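Bear in mind these aren't lab numbers, they're just calculated from the coordinates by the rules spelled out. Treat the numbers as computed from the prediction; the structure is a model and nothing was measured. We place every Cβ from the backbone using ideal geometry, glycine too, and count neighbours over all the protein chains shown.
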Amino acid sequence: MIKHLRSAGDLDAATATLILDTAAEMAALSGREVKKLPALRGRTVVNLFYEDSTRTRISFEAAAKRLSADVINFSAKGSSVSKGESLKDTALTLQAMGADAVVIRHSASGAPHRLSNWVDGSVVNAGDGTHEHPTQALLDAYTMRSRLGRLDGLKVAVVGDVLHSRVARSNVLLLSTLGAEVTLVGPPTLIPLDVVAALSKTTKVSYDLDSVLPDSDVVMMLRVQTERMQDSFFPSAREYSRRYGLDVTRMRKLPEHAIVMHPGPMNRGMEIAPEVADSPRSTIVEQVANGVSVRMAVLYLLLGGK
Amino acid sequence: MAYLIKGVSILGAEPTDLYISDGVISAPVEGAEVIDATGLVALPGLVDVHTHLREPGREDAETVETGSRAAALGGYTAVCAMANTSPVADTAGVVEQVWRLGREAGLVDVQPIGAVTVGLAGKQMAELGAMATSAANVRIFSDDGFCVADPKLMRRALEYVKAFDGVIAQHAEEPRLTEGAQMHEGEVSTRLGLTGWPAVAEEAIIARDVLLAEHVGSRLHVCHVSTAGSVEVLRQAKARGIRVTAEVTPHHLLLTDELAAGYDPVFKVNPPLRTRTDVEALRQALLDGVIDVVATDHAPHAVQDKECEWAHARPGMLGLETALPIVLSVFGPRWDLIADRMSIAPARIAGLEGHGGDLTQAGTPANLTLVDPAAQRIVDPAELASRSRNTPYAGMTLPGRIVATFLRGEATVLDGKAVK
């Protein structure tokens, strides 16, 4: 097993599949009356969150607690971080407290890589800047596999602000490793340079959502921040929505079996219409539930639970 | 003090005896101290047109004295100190302070560079004439670290310095294209999720500036050229007869953006490390003379400014003590080329008389360095004379050892150690 999960690129197909299979076992547990496993009793998991993220932090916290780990939540707000303590000094503090795993969310790309130089424990990337969010990709893959029965050969459209999206990067890497075919869709300004060479040779790029939908098994809508239009990435929220938003009319172009995903938080009416988000095709709530199982699997395997 | 440098090979020629007395290359004299230079090559003392000495302001990262020592150990006899100190070297007072500190250290000639604009802010021209006529005798002006982005201001600066044969050294970076930029824009920046610094941001400014220099009939120097596209712009400009010179750093001749993969900010520099294609183009340009000189862009940084997240780290790398070994490793022992690109041409661009002279002529000021090309060295940051440790070459084995350096006939380095 790998020691850290800093990038979805750290995972080969066998390891990724092991995590997904383990997550399925963990999910079965959540149907039981007593949801707790003793697997990580006596181990310490630190949630080190430099960015606000209720959803991801709670998900990791629930995962660690269901495995009986001791959980320490360390958020930048109200801690010594706001007094200007460096990441390195914080890392040394956590090291001294004997953290077995540090789950880090940070606004700077690569912060988990830096952290892993300074602590002995496992580092789990819970989202770093515009780089990656590997556990999100794992829970997305888990969701696709449980809804559609497979990942190999699946056609996945990832739509929106790929340039600034850590979810997109991790998804392209992981899905390609697991044999799915990813098409990145968005305005050219939001598709990063050399993305195919950078992430996966099997990835495709399209600027036309309507032409991609009829041949997609999965369409994953990324959050688009309206502030981006101030920086000339697109002219207005309405134009973005007209060209790249998923509304009911567009959803009808999808094949019967196709699902609609969103990592959240959603901008209803911007990249996704409320009717689509709440439709039976939508897996958005499922994704959240699956997040806990997948993160349990990641912590369990990284900390040598097997 | 007189020296007899015995059996030295001047620029790779047959071994000969070289006498130094009264600060110059001389005829044989009695009583000279003998230095056995068997196997050593003599080069004119290296000249760096782009050094950051950090004093005044960041003496925790480097001082004029520690930077001078690093320079002498690297084979340099003159360095041009960039203006982005605190306070900025934008007045006669500050450039004279740096010049005086250099004299006091006495290890290399420290030639201050003056800022083009007040506070490097790019708004108002600094008193360039006052700096030119000060004791520091400034001839190169640069806002390095920042681009003189305003085209009108750049045009005026190019024109204005003609009155005292000055030159503007441009840090070519269109600031609107590099907002938030962290590394070269391309495959690697996309993979790492770091904001890209596109090559065109450099190329567009160089293209604009060579045309401005042509229009007003002025001399332009381009700092740290880093892209293949910039090389093409310069090649065309030179073919048109425009008076432009350019420098390349050792790190841009050797390292690529792939090194950012581990997010270690020791590899963060501005302009950023580029691709293998750019590295190859820069090497060829230096061979062809499209790029005139190797300049270190020696940029010391305190530990805390590098031991942090990539995005929070300051850009810059140490260079003085490794420049010649890097150039040797890239081009091999092509001594005439090395002497021209690292001593003769930079001395000419900076207007430093007495540097880059002909070591075979009696009367030439004795500014020279002796190199053992057969020796190899593993770069150990702890052993560097610089006050900072941010070398990107840690652990690398590099050819060439600087055995001795002489400044106007006085040894500044002997047996690989600084004399003071």
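Using r as the Cβ-Cβ distance of A:Gln95 and B:Ala261, and R0 as 35 Å, what FRET efficiency do you calculate, to the nearest 0.05? So the FRET efficiency works out to roughly 0.90. Distant-in-sequence amide contacts of B:Asp48, defined by a placed amide H-H separation under 5 Å and a gap of 5 or more residues or a different chain, comprise B:Ala78, B:Val79, B:Cys80. The spread of Cα positions in the stretch A:120-178, taken along each principal axis and listed from longest to shortest, comes to 37, 29, 16 Å. Over the stretch B:58-140, the hull volume per residue, using the convex hull of the C-alpha atoms, is 82 Å³.
Placing unit charges on each Cβ (+1 for Lys and Arg, -1 for Asp and Glu) gives chain B a dipole about its Cα centre, and among B:Thr190, B:Tyr76, B:Thr38 the Cα reaching farthest toward its positive end belongs to B:Thr190. Treating r as the C-beta distance of A:Ser107 and A:Glu275 and R0 as 35 Å, the FRET efficiency rounds to 0.55. The length gained on full extension between B:Val303 and B:Ser86, counted as 0.36 nm times the residue separation minus their Cα-Cα distance, comes to 76.2 nm.
If R0 is 51 Å, the Cβ-Cβ spacing of B:Glu232 and B:Glu30 corresponds to a FRET efficiency of close to 0.35. Relative to its Kirkwood radius, the Cα radius of gyration of the stretch B:303-420 gives an Rg/Rh of 1.01.
For the stretch A:163-185, the residues whose amide N sits under 19 Å from a probe point set 7 Å from the Cα of A:Thr202 along the beta carbon direction are A:168-185.
For peptide A:193-201, the mean count of partner chain Cβ atoms within 10 Å of a residue's Cβ comes to 4. Overall size of chain A from C-alpha positions, given as principal axis extents largest first: 54, 44, 34 Å. Taken along its three principal axes, the alpha carbon spread of the stretch A:2-158 comes to 49, 38, 26 Å, from the longest extent down to the shortest.
Computed over the protein assembly as shown, the quotient of the alpha carbon radius of gyration and 2.2 N^0.38 Å is 1.11.
Global dimensions of the stretch B:231-270 from alpha-carbon coordinates: Rg and Dmax equal 14.8, 44 Å. Sequence-ordered 3J(HN,Hα) estimates for the stretch B:212-227 from the Karplus curve with 6.51, -1.76 and 1.60 and θ = phi - 60° stand at 5, 4, 5, 4, 9, x, 10, 9, 10, 10, 9, 6, 4, 5, 10, 10 Hz, glycine and proline given as x. In this simple spin-label model, placing a label point 7 Å from the Cα along the Cα-to-Cβ direction at both B:Arg103 and A:Ile72 gives a separation of 5.8 nm. In a reduced charge model with +1 at each Lys and Arg Cβ and -1 at each Asp and Glu Cβ, chain B shows a dipole moment near 540 debye about its Cα centre. I'd like the orientation of helix B:276-288 relative to chain B: the angle between its Cα long axis and the longest Cα principal axis, in ° from 0 to 90, rounded to 10. Once rounded, the angle reads 50 degrees. If you line up the long axis of helix B:92-105 against the longest principal axis of chain B, both from Cα atoms, how many degrees apart are they, to the nearest 10? It works out to around 30 degrees.
For the stretch B:105-210, dividing the convex hull volume of the Cα atoms by the residue count gives 134 Å³ per residue. Taking amide H positions as modeled 1.01 Å from N, with prolines and chain starts lacking one, the residues under 5 Å from A:Met220 and 5 or more places away or on another chain are A:Ala157, A:Val158, A:Val159, A:Met261.
When the alpha carbon gyration tensor of the stretch B:191-311 is reduced to an equivalent ellipsoid, the three semi-axes, largest first, read 28, 14, 13 Å.
Computed extension length for B:Asp60-B:Asp358: 103.5 nm, one decimal, from 0.36 nm per residue of separation with the Cα-Cα distance subtracted. List the residues whose amide H sits under 5 Å from the amide H of B:Val269, counting only those 5 or more places along or on another chain, with H placed 1.01 Å from N in the peptide plane. Excluding prolines and chain starts, which carry no amide H, the hits are B:Gly316.
Its Cα gyration tensor gives chain B an equivalent ellipsoid, and the semi-axes of that ellipsoid, as √(5λ) in whole Å with the largest first, are 32, 24, 21. Note on the stretch A:179-306: Cα-Cα pairs beyond 22 Å make up 45% of the total pair count.
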